[in-house]
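The values are calculated or read from the model by the stated rules, or taken from the named source; none is laboratory data. No experiment lies behind these values; they were computed from the predicted model shown. Positions of Cβ are backbone-derived with ideal geometry, glycine not excepted, and every protein chain shown enters the neighbour counts.
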Amino acid sequence: MQIFTESKFDFIKGRKVAFIISAIVILAGVVSVFLSGGFNLGIDFTGGVRVQVKFADPVTLGDLTEFRTRTGMDVYTIGSAEDEVVIRQKAEDSAERLARAIVEYREEQGPIEDWEELGEIEDFPVELIPYFAETFDLELNLLEVRLDDQNRLVINEAGVEELTSDIETLIEVSTNEQITAVLTDLRPPDNYAEDRLDLNGPVSAADYRRELSRLFSVETAAVEPAVTAAPEAESAADEVVVEDLEDVEDIDETVEGEPAPPAFITELADELAAARNLTGVETMRLLDSMDEALELAREAGLDEERLQVLRDETYVGAFQLQSTNVIGPKVGEELGSAALTSILVALVLILGYISVRFEFSFAIGAIIALAHDVLVTLGIFALLGKEINLSIIAALLTLVGYSLNDTIVVFDRVREDRKLLRRRGLREIINTAINETLSRTVLTSGTTLIVTMVLVLFGGSVIHDFALALTIGVLVGTYSSIFIASPFLLAWYRWRQKKA
Amino acid sequence: MARKRRFYGLLSILVFIAAVLFALPTTGLLDELPEGLRKYLPKDTVNLGLDLKGGMVLRMEADMSKIDEDEQSDAVDRALEIIRERVDEFGVSEPVVEKVGENGISVMLPGIRDAERAKALIGERAVLEFALVTDQQLPEVLAGIARLPKYADLLTQRGIYNIDGRYYAPLQVEERLEAMVEDPDIERFVPRQHKLLLTDEKLLQPASQDWIYEVVGKLEEAYGEPVDGFFQLHILDFGRIIKGEDLTNAYLDRDQYGKPSVSFEFNYSGSEDFAQITRNNVGGFLAIVLDDKVISSPYIREEINGRGQITGDFSAQEAGDLAIKLRAGALPVPLKIVMEDTIGPSLGSDSIKYGVTAALIGLAIVLVFMFVWYKASGLVADLALIINMIIVVAALALFGATLTLPGIAGIILTIGMAVDANVLIFERIREELRAGKNVPTAISAGYDKAFITILDANITTLITAGVLYLLGTGAIRGFAVTLAIGILSSMFTALIVTRWIFDMRARRIKDKRLSI
């Protein structure tokens, strides 16, 4: 099969339209960034807390809105299955800004009599006020604010620094507490199947035991003798005191006339009951013991199908905690500047390489095309409201390397044709080169697009945005190597000739 | 020409065999073989990154402001060693402890999910000291501090209470209490070489001892709010202290009530000091201080020689972890946790599942596409692509590289990019054929002319992979590594392997039509 065998498009002629389209997209990105108060930066760069949970069932838009209003945090789904949710709180309400706001407020309004006053400060996180009230009487008095001999406001930096670090801790604590509150508070969605264990009702270990025994009634009878001894022997060495207490409890149950359920049910039930008292982030710890309990169930001869049921049923609440990230604001800043540096370093190195291999005017065209690719992809991400995080930066860097491939294919041909067609003008040579290489430009991008699109669709939640950035970038990169790189090469070349 | 072809052929076959050998262990196919045979085969498999197998990453910064200048130079390196020792005893497989930047330490713990425990085990300084309790000085010291306006309310109105001659404060005032005992302003009220310290928090729990219930009851009455726990204040004589450095061993033990505790042994000089202090102070109390918190202050019944026991409100795990920390030694500098990632095991296995699915689907589509587009030549490119994938897996295993989720993405991206080189070559050959050249000449010209383009294009991608590797962190580095390996091996398969096959085809079909 073949395409574009004898194409004779005048790409250079179309360059003005292309410039306008690119400018519009970049401008739209800039405007949307401006309107929404900056890029949607991930906590990689701002610092903060991010928690990813997976629900047993897809989450509705209503659920999300509810989480959002209840918590005041960013809550959004990721991936394509609609059951994974990210709860995120950034630390970019940076502590220092708050510290200075408080100091300024004191300067204008005099000493703070009542902490509620702070609510009057613009953008002040109201939910922090109770914490402030508890913690800050002292430090606030230590802050020295005065006018110097030229009537300028002087704040002692040491004081601000101290206050800043305290506020930082506060923000971290309050964020953790809020997220914990959200996680312990999450209710199963309405369509939460009735035959699932209701883990959110006020249930005790005994309730869970009954419930689990009911679910696994067949196995309960069959496997009982095989497992009752195993777990006790295993854990006896570790937690003598606790173990004793639990034994007493078990005996009570038996006396009441209920037969003791198999060990895995007892263990699971205990874990689940314990989970109710765990705060959100701690539920991660639960998974460990759940794994052990499930392992016991497997050893007890529970078949895979039933195990799977058990695994699916034992969402804590209606969800499982997937991952948590806590990043301090300073680390965020570092990562941010490292990301920026890496893109710039890559651009400079490529500029150098192309200058050596081709000519400087080629390098100019290539670099402008690359900067264009990065800007347009960022712009589209801003328009889509997607988060910019470290992996997106990695995607952008990859693009810088990849979108250059197509450009080089064209440039190579320009270089070759210049030797063959000496009498023709550069404009015509470039046009011929683009047309000659058109099919390979489209094909190479096409095969790469296939895999990036497969990644977007099937790659899972974590990789989704990364793959999306690559897909957009490959498209933009192909377009730019035809419509941006070569026209700029020509423009630079002509400008130089005019000067000389 | 024929010599070059034979060389290409030999190289292709050798690399292919080596790649298969090194890739096999990762596929798990070798597990079935008898031990005797496996001995002769490579064993290294691809390591999975934390994001794929779950676990936690901690990044800490050393707080240099808290230690003397002359200790600062090697403090981080010593801390690194001590953390390594602690982590090794934690029982994690393949932990990574490394220095980041100037004062940073990064710890990766695969499979760990109990974040709080790991943080306590790694991040706490574990400075152990033994000092005599001189609580008889407390009333005077506290009366002095009460003269400072900032603490007056805490001491005279609400916060710290005298209950039967001992001083307690409820959990609610924790922050202010800590600020107070750390405040340099109070030093002038505290006798020389003495310190005002708090106990660790005593929490009200179902199994708590009676005296805790009693104190909580009285505190609630005085404070007027429900109280979940409290601190006690002590004055300790640090004039003659025994340091934890003199310990030779520490291990998990049980006290006489069967509760978890930590037993320890002293070296010679520590043992001497300990015996002397206890001998001279029989009838007094000796506080066991960990990181400036009084863990317990047992009554000195008699002279103690060589060994002792730390009892407190420990769970077995806490006591065991404390023993680990004491054995490894105290951190020379306080560490602050600045970044913390915890990845659950289900997310990791989901990611692998999705990653492998995406890779297979992508591979299938690209294979079919190349065949449809370039017919028999497409099959040659497909063969190159498959060999390419085997080489990537083999190289990852051989170099002990860590496969992360972005790394999987890098491999998948390589699938799309690896055929690019062949596309460039095939298009060039088609062009030469259209220009009327015969098959062998067209093939030869196609490869030669596409070579430079392929080289330039791939080198620029390698440059960005290099930048990503140098400036990126963990997972991103994994991406850079797989991308770079993928590019290099795709250049090999596209330029060497397919060239060899094409030359053979050219010889065989001579002037007949080339299927391309």
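Any residue in region B:85-104 that is assigned to a strand (DSSP E or B), buried (at least 17 other Cβ atoms within 10 Å of the Cβ) and not hydrophobic (A, V, I, L, M, F, W, C)?
Within region B:85-104, one or more residues are assigned to a strand (DSSP E or B), buried (at least 17 other Cβ atoms within 10 Å of the Cβ) and not hydrophobic (A, V, I, L, M, F, W, C).
Among the numbered criteria (1) among the hydroxyl-bearing types (Ser, Thr, Tyr); (2) in contact (Cβ under 8 Å) with a residue 60 or more places away in the chain; (3) within 12 Å of another protein chain (Cβ to nearest Cβ), which single criterion is violated by A:Ser361?
(3)
Inside region B:184-221, can you point out the residues that are part of a strand (DSSP E or B) and free of Cβ contacts under 8 Å to residues at least 60 places away in the same chain?
Listed by number, the list holds a single entry, B:Leu196.
Quick check on region A:364-378. Is at least one of its residues within 11 Å of chain B (Cβ to nearest Cβ), in contact with a Phe, Trp or Tyr (Cβ under 9 Å, 6 or more places away or on another chain) and farther than 28 Å from A:Val49 by Cα? Don't jump to the end; show me each part of the working.
Here is the first cut: in region A:364-378, the residues within 11 Å of chain B (Cβ to nearest Cβ) are A:366, A:370.
Okay, now just the ones that are also in contact with a Phe, Trp or Tyr (Cβ under 9 Å, 6 or more places away or on another chain), so A:366.
Right, trim to farther than 28 Å from A:Val49 by Cα and you get A:366.
So far as region A:364-378 goes, yes, one or more of its residues are within 11 Å of chain B (Cβ to nearest Cβ), in contact with a Phe, Trp or Tyr (Cβ under 9 Å, 6 or more places away or on another chain) and farther than 28 Å from A:Val49 by Cα.
Report whether or not B:Gly224 is out of contact with any Leu (no Cβ under 7 Å at 6 or more places or on another chain) and either among the hydrophobic types (A, V, I, L, M, F, W, C) or within 30 Å of A:Leu163 (Cβ to Cβ) (or both).
Working: out of contact with any Leu (no Cβ under 7 Å at 6 or more places or on another chain): yes; either among the hydrophobic types (A, V, I, L, M, F, W, C) or within 30 Å of A:Leu163 (Cβ to Cβ) (or both): yes.
For B:Gly224, the condition - out of contact with any Leu (no Cβ under 7 Å at 6 or more places or on another chain) and either among the hydrophobic types (A, V, I, L, M, F, W, C) or within 30 Å of A:Leu163 (Cβ to Cβ) (or both) - is met.
Of all residues in region B:27-51, count the ones that are assigned to a helix (DSSP H, G or I) and touching a Ser or Thr at 6+ places or on another chain (Cβ under 6 Å). Lay out the reasoning, then the answer.
Kept after step one, since they are assigned to a helix (DSSP H, G or I), are these residues of region B:27-51: B:27, B:29-32, B:35-38, B:50-51.
Subsequent filtering for residues that are touching a Ser or Thr at 6+ places or on another chain (Cβ under 6 Å) retains B:51.
Residues flagged as assigned to a helix (DSSP H, G or I) and touching a Ser or Thr at 6+ places or on another chain (Cβ under 6 Å) within region B:27-51 amount to 1.
Could you check A:Phe381 against (1) more than 9 Å from every other protein chain (Cβ to nearest Cβ); (2) surrounded by fewer than 24 Cβ atoms within 10 Å (Cβ to Cβ); (3) touching a residue at least 60 places away in the same chain (Cβ under 8 Å) and say which number it fails?
(2)
Please go through (1) touching a strand residue (DSSP E or B) at 6+ places or on another chain (Cβ under 8 Å); (2) surrounded by 15 or more Cβ atoms within 10 Å (Cβ to Cβ) for B:Gln193 and return the number of the only condition it doesn't satisfy.
Every listed condition holds for B:Gln193 apart from (2).
Here are some residues: B:Asp456, B:Asp448. Which one is modelled with pLDDT of 85 or more and facing chain A (nearest Cβ under 8 Å)?
From the options B:Asp456, B:Asp448, the qualifying one is B:Asp456.
So, in region A:408-448, exactly how many residues are over 16 Å from B:Asn422 (Cα atoms), in a helix (DSSP H, G or I) and more than 7 Å from every other protein chain (Cβ to nearest Cβ)?
Taking region A:408-448 as the starting set, the residues that turn out to be over 16 Å from B:Asn422 (Cα atoms) are A:410-436.
Remaining after also requiring in a helix (DSSP H, G or I): A:410-420, A:426-436.
Restricting the remaining residues to those that are more than 7 Å from every other protein chain (Cβ to nearest Cβ) gives A:410-411, A:413-420, A:426-436.
Going through region A:408-448 one residue at a time, the tally reaches 21.
B:Ile443: β-branched (Val, Ile, Thr) and in contact with a Pro (Cβ under 8 Å, 6 or more places away or on another chain), yes or no?
Judged against the criteria, B:Ile443 is not a match.
For region B:391-400, does any single residue satisfy the condition of being part of a helix (DSSP H, G or I), within 13 Å of chain A (Cβ to nearest Cβ) and either on the phi < 0 side of the Ramachandran plot or touching a Pro at 6+ places or on another chain (Cβ under 8 Å) (or both)?
Among the residues of region B:391-400, not one is part of a helix (DSSP H, G or I), within 13 Å of chain A (Cβ to nearest Cβ) and either on the phi < 0 side of the Ramachandran plot or touching a Pro at 6+ places or on another chain (Cβ under 8 Å) (or both), which makes the answer no.
Please work out which one of (1) without any contact (Cβ under 8 Å) to a residue 12 or more places away in the chain; (2) within 8 Å of chain A (Cβ to nearest Cβ); (3) not aliphatic (A, V, I, L, M) is the condition B:Asp420 fails and give its number.
(1)
What pairs can you find where one residue is in region A:395-412 and in contact (Cβ under 8 Å) with a residue 12 or more places away in the chain, the other is not in a helix (DSSP H, G or I), and their Cβ atoms are less than 8 Å apart, with a gap of 6+ or different chains?
Listed by first residue and then by second, the contacts come to A:Phe411/A:Phe358.
Out of the residues in region B:103-143 that are small (Gly, Ala, Ser) and under 23 Å from B:Ile241 (Cβ atoms), which is nearest to the other protein chains (Cβ to nearest Cβ)? Lay out the reasoning, then the answer.
The first filter runs over region B:103-143 and keeps only residues small (Gly, Ala, Ser), leaving B:104, B:106, B:111, B:115, B:118, B:120, B:123, B:126, B:131, B:143.
Of the ones still in play, those that are also under 23 Å from B:Ile241 (Cβ atoms) are B:126, B:131.
Working: B:Ala126: 22, B:Ala131: 28 Å.
Residue satisfying both the conditions and the ranking: B:Ala126.
Only residues that are crowded, with 18+ Cβ neighbours inside 10 Å and either more than 14 Å from every other protein chain (Cβ to nearest Cβ) or under 16 Å from B:Gln232 (Cα atoms) (or both): list them for region B:146-165, please.
Within region B:146-165, B:Leu154, B:Leu155, B:Gly159, B:Ile160, B:Tyr161 meet the criteria.
Only one residue in A:Thr341, A:Thr398 is surrounded by fewer than 22 Cβ atoms within 10 Å (Cβ to Cβ), in contact with a Leu (Cβ under 7 Å, 6 or more places away or on another chain) and within 8 Å of chain B (Cβ to nearest Cβ), so which one is that? Lay out the reasoning, then the answer.
Working: A:Thr398 fails: surrounded by fewer than 22 Cβ atoms within 10 Å (Cβ to Cβ).
The conditions single out A:Thr341.
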